[in-house]
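Here the structure comes first, spelled out in structure tokens, and everything after it is commentary.
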Amino acid sequence: MSTTEPGQEPMLPTDLPPAERVAPLGADPAVGPRRFQAPALAVLALFVAGMVVAASGHWRRGAFVMGAAALAAGIVRWALPTRWAGMLAVRKRWFDVLCMLGAGAIIWLVALVVPPQ
């Protein structure tokens, strides 16, 4: 059920008093919002490095590096508080960690199982 009266607009988060507003994730005025994206950027850089290695003709080594990036993302997401995880925090911590570690393990498994040509 709606808590608004008929013909009345629903309250938006910006309409709330300042004490009830929620600060955006990773917004810490003492540190700055960009610092919280460093873990995600490090994982992205590692994944891109794996793509470059794979594109240079060493697909198995590139797959291992990309899998390592996914595993690193899972470990970083597990180790850091949600507020500091930046863009690695998408859902609940357990779900993020499970998906990233699972993706890294599957990538490594495929790189190990596919026979060389």
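Bear in mind that the values in this text are calculations on the coordinates, not laboratory data. Note that the structure is a prediction, hence the values are computed from the model and not measured. Backbone-built Cβ (ideal geometry, glycine too); neighbour counts: all protein chains shown.
What nm distance separates the two modelled labels at HIS58 and THR82, each placed 7 Å from Cα along Cα→Cβ?
Going from the HIS58 label point to the THR82 one covers 4.0 nm.
Using the beta-carbon distance between ALA45 and LEU112 and R0 = 25 Å, what value does 1/(1 + (r/R0)^6) give for FRET efficiency, to the nearest 0.05?
For R0 = 25 Å, the calculated efficiency reads 0.55.
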